[in-house]
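The values are calculated or read from the model by the stated rules, or taken from the named source; none is laboratory data. A quick note: this is a predicted structure, and the numbers were derived from the prediction, not measured. Backbone-built Cβ (ideal geometry, glycine too); neighbour counts: all protein chains shown. Protein only, heavy atoms only, side chains kept; ligands, DNA and RNA dropped before computing areas. Shrake-Rupley method; radii C 1.70, N 1.55, O 1.52, S 1.80 Å.
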Amino acid sequence: MVVAHAQPAAVPIKKNRRKISKKKSNAPGTSEQHDETMNPEPLEPSTSTTAGYAEDTEHDDEIMIDDDPSSLPAQSAAPVFQPLPASAQRATLKSETRRIPIPPHRMTPLKKDWVNIFSPLTEMLQLQVRMNVQRRSVEIRTSKHTSDIGALQKGADFVKSYALGFDVQDAIALLRLDDLYLDSFEIKDVKTLHGDHLSRAIGRIAGQDGKTKFTIENASRTRIVLADTKIHILGSFQNIKIARDAIVSLILGSPPGKVYAGLRTVSSRMRQRAM
């Protein structure tokens with residue numbers, strides 16, 4: 001009875017490439033040893049070793065090829081949840097509060113127009129509003145009746161636009177329309193001016209009896225507030241750009257007639273697009 005022992009796979013034999021020292025010994029037989037080391041006889045692997053190595057390679061190939069997709073774990077589908085009702089969403093929302101500071105010179109007009117200010121906030125946006133006289137601010141917060149997520153931001157923009165100097169009727173447009181924005185900048189952001197040069201730049205923007213400012217407002221369909229060196233513009237994105245370009249040209253020293261001609265061209269293009 002013959003017992004076959006499994007032998008490990010033969011490792012390929014690398015040739016000995018070590019350098020042979022140049023020292024030669026005087027002992028006899030060194031030349032023969034030198035010839036033997038220079039011409040080593042190739043070793044022949046045994047037949048049993050090659051057979052075992054071939055079987056292992058075939059077994060590896062079989063493992064790599066035989067991939068059954070059914071054996072892979074099944075991918076779980078994404079869970080599907082029912083949408084929450086509107087009542088549950090309103091119940092989870094916490095009340096948020098905003099405090100809008102009011103400049104001292106706008107406190108008296110705020111008290112006069114208070115009825116026209118808190119009415120649209122409470123009726124249209126369902127917000128809670130109060131005037132804090134000690135802190136000189138207006139505080140607004142959401143309530144359980146507030147349904148619009150952006151109501152608080154709209155209300156804050158409305159009060160802020162009134163604090164900057166806009167009329168109540170102009171500021172209410174922020175509550176009714178979604179594509180209206182506020183843009184503010186200073187004259188020194190465009191050009192550094194001092195003394196009489198700064199006063200003349202402000203005069204060019206306003207014009208005689210406010211004629212230039214009204215012309216820019218009507219041509220660009222915006223509202224402009226000129227507060228000393230600060231300029232605030234209320235309107236849509238494209239209209240704000242038209243009004244800002246006209247004001248920047250006046251600050252840089254362009255004559256009003258040239259600015260009027262540019263506004264006529266722009267307004268005619270706007271009318272053609274509207275048609």
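Evaluate the following for residue 81: is it out of contact with any helix residue (DSSP H, G or I) (no Cβ under 6 Å at 6 or more places or on another chain), crowded, with 16+ Cβ neighbours inside 10 Å and among the aromatic types (Phe, Trp, Tyr)? If you could, list the steps in order and put the result at the bottom.
Numbers: out of contact with any helix residue (DSSP H, G or I) (no Cβ under 6 Å at 6 or more places or on another chain): yes; crowded, with 16+ Cβ neighbours inside 10 Å: no; among the aromatic types (Phe, Trp, Tyr): yes.
When the stated conditions are applied, residue 81 does not pass them.
Would a scan of segment 230-240 turn up a residue that is among the hydroxyl-bearing types (Ser, Thr, Tyr) and closer than 23 Å to residue 180 by Cα?
Initially, segment 230-240 is screened for residues among the hydroxyl-bearing types (Ser, Thr, Tyr), giving 236.
Then keep just the ones that are closer than 23 Å to residue 180 by Cα; that gives 236.
Yes.
Give the residue that is most open to solvent (accessible area, probe 1.4 Å), with candidates limited to residues of segment 122-142 that are free of Cβ contacts under 8 Å to residues at least 40 places away in the same chain and closer than 22 Å to residue 173 by Cβ. Among those that are free of Cβ contacts under 8 Å to residues at least 40 places away in the same chain and closer than 22 Å to residue 173 by Cβ, it is 123.
Out of the residues in segment 164-178 that are out of contact with any Ser or Thr (no Cβ under 8 Å at 6 or more places or on another chain) and small (Gly, Ala, Ser), state the one that is surrounded by the fewest Cβ atoms within 10 Å (Cβ to Cβ).
Of the residues in segment 164-178, the ones out of contact with any Ser or Thr (no Cβ under 8 Å at 6 or more places or on another chain) are 165-169, 172-173, 175-178.
Pick out the ones that are also small (Gly, Ala, Ser) and you get 165, 173.
Numbers: 165: 18, 173: 15.
Checked segment 164-178; the qualifying residue surrounded by the fewest Cβ atoms within 10 Å (Cβ to Cβ) is 173.
Scan 184, 161, 236 and give me the residue that is under 20 Å from residue 262 (Cβ atoms), under 33 Å from the mean Cα position of the chain (by Cα) and of a type outside the set (Asp, Glu). Full working, then the answer.
Values: 184 fails: under 20 Å from residue 262 (Cβ atoms); 161 fails: under 20 Å from residue 262 (Cβ atoms).
Criteria check complete, one pass: 236.
The number of residues in segment 118-141 that are at pLDDT below 90 and small (Gly, Ala, Ser) comes to 0. Here is a check on your reading of the model: is residue 192 under 25 Å from residue 107 (Cα atoms) and surrounded by fewer than 16 Cβ atoms within 10 Å (Cβ to Cβ)? No.
When segment 143-163 is filtered for residues that are within 14 Å of residue 98 (Cα to Cα) and either open to solvent by less than 30 Å² (accessible area, probe 1.4 Å) or of a type in the set (Gly, Ala, Ser) (or both), the ones remaining, listed by number, are 143, 150, 151, 152, 155, 156, 158, 159.
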